[in-house]
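Each reported figure results from applying straightforward, stated rules to the coordinates on display, with no laboratory input. Just so you know, these numbers come straight off a predicted model, no measurement behind them. So basically every Cβ, Gly included, is an ideal-geometry build from the backbone, and we count neighbours across all protein chains shown.
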Amino acid sequence: MAPAVPAAGPAARVGFIGLGVMGRSMALNLLRAGYAVTVHSRTMAKAGDVLAAGAAAAGSVAAAARSADVVVTIVGFPADVRDVLLGPDGVVAHARPGSLIIDMTTSEPALAVEIAEAARVRGIDALDAPVSGGDVGARNGTLSIMVGGAPEAFARARPLLAALGTTIVHQGPPGSGQHTKLCNQIVIASTMIGVMEGLLYARRAGLDPDAVLASIGAGAAGSWTLSNLYPRAVHGDDAPGFYVRHFLKDIRIALAEAERMGLRLPGLALAERLYQDLVDQGGALLGTQALHRVLEAASPPANPR
């Protein structure tokens, strides 16, 4: 087993792949923690602020992997994960034996197991470590990080993960982090429907939605979604903290896993239909709180009394 990755300093060389809504802030937090970070993204135009903060640029996934003690990936879809991690020009093929891979994408549990096995053959540790907390958690370094993989690999990764999140839990063997994140998305999916239906009801009843939040946010209805995404919807801010298209991807992975396990999840199935409606209306690149648009469109104006 390779020595523990230091928490800070130039000896901890990090290759960071994926600079989307979440990844950009996460890379910046690693730089603030003292890590030497080399970044790569399919769209390097997104890297401006990260490069300005001191990161180096890699022209390819392979280049980012070859120079790193730890490679962190957070990309979009399982196909992207497979290409970036397992492709001929990917991380596993080019990372050094003794290095550590941490995939923080929400992806398929079986794919996480496949990555861990391919990495093991090459003498590399691999963890699946998806996150929750949205753009706010990524910026503030307060993400919840759900980790699957060998305990020794988790121990190696923990100092680095502490620069990104405040709740860091080892869930079990490879794939366990992904299964845990799917639990998270299942809970969020039905919660989001309830939160946005509450907003719609408040408006139709002639209430001040902000005043409603002051009351219900402090009661049994309180949740991260209510506190952080309800206000955005109230004020017409549908910008992405997490893309609708990525949430729909997560929902479909969870539904497929549920079907494999013989589970019926009607709340999740309803969320899948509503979010597909939102995509059909052009909302794929909006934030998940834009679900209120679908619910509003489905509710005709109230009949005057």
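Values computed for the structure shown
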item	result
Largest-first ellipsoid semi-axes for the stretch 155-217, taking √(5λ) over the Cα gyration tensor eigenvalues, angstrom	37, 15, 6
For peptides 170-181, 116-127, sequence by mean Cβ density within 10 Å, most packed first	170-181, 116-127
The stretch 32-118, Cα convex hull volume normalised per residue, Å³	99
DSSP bridge orientation in the chain - percent antiparallel, rounded to nearest 5	15
Neighbourhood net charge (10 Å Cβ-Cβ; Lys/Arg +1, Asp/Glu -1) for Glu296	+3
20 Å-binned pair-distance histogram of the chain (Cα, whole percent)	33, 53, 13, 1
Listed residues Ala65, Ala12, Thr167: farthest to the positive end of the dipole of the stretch 9-172 (Cβ charges)	Ala12
Linear extension gain, Ser60 paired with Leu285, 0.36 nm per residue minus alpha-carbon span	78.4 nm
Positive minus negative residues near His235 (Lys, Arg vs Asp, Glu; Cβ under 13 Å)	-2
Cubic angstrom per residue, convex hull over Cα atoms of the stretch 9-172	94
Student exercise, the stretch 9-172 dipole from Lys, Arg, Asp, Glu Cβ charges, in Debye to nearest 20	440
Neighbourhood charge, 11 Å Cβ-Cβ cut-off, centred on Ala271 and excluding it, Lys, Arg +1 and Asp, Glu -1	-1
Label-point separation in nm, Met261 to Ala110, each point 7 Å along Cα→Cβ	1.6
Dipole-positive endmost among Ala45, Ile251, Gly206 within the chain (Cβ charges, Cα centre)	Ala45
Segments 65-76, 223-234 sorted - mean Cβ within 10 Å per residue, highest first	65-76, 223-234
Relative pair counts by distance (%), Cα atoms of the stretch 179-297, 5 Å bins	2, 12, 22, 24, 18, 13, 6, 2, 1
